[in-house]
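These notes are about the structure you will find just below.
Derivation of every value follows stated rules applied to the coordinates shown; laboratory data play no part. Given the structure is predicted, the values throughout are model-derived calculations rather than measurements. We place every Cβ from the backbone using ideal geometry, glycine too, and count neighbours over all the protein chains shown.
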Amino acid sequence: MFGDLSFSHILILLLVLVLVFGAKRIPEIGKSIGQGIKEFNRSLKDATSDQPAAPPRNLQPPGTSSSVPTGGDPKRLSD
């Protein structure tokens, strides 16, 4: 369908777009189209996932202390 467009055809189409919408509106239109595509892909991905997102699991119950240091430099196992 669009395989036979040459550079001059594309240039003419861009010129018509600038004349119809104006040079300032074209970036806004592109941005809104991009946001629409992102939102469509996000909703498509959410609709295709069968399992709801699981809440993050805590490996250690709150209130218990661990032997792993929580701050400072990481310890090297070997040099």
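In a fully extended conformation the segment linking residue 38 and residue 75 would gain 9.1 nm over its present Cα-Cα distance, using 0.36 nm per residue. Label reach from residue 26 (point 7 Å along Cα→C-beta): in the stretch 1-20, amide nitrogens under 18 Å belong to 6-20. Loop-located trypsin sites (Lys or Arg not before Pro) in the stretch 16-52 (DSSP state not H, G, I, E or B) with no more than 16 neighbouring Cβ atoms inside 10 Å: 24.
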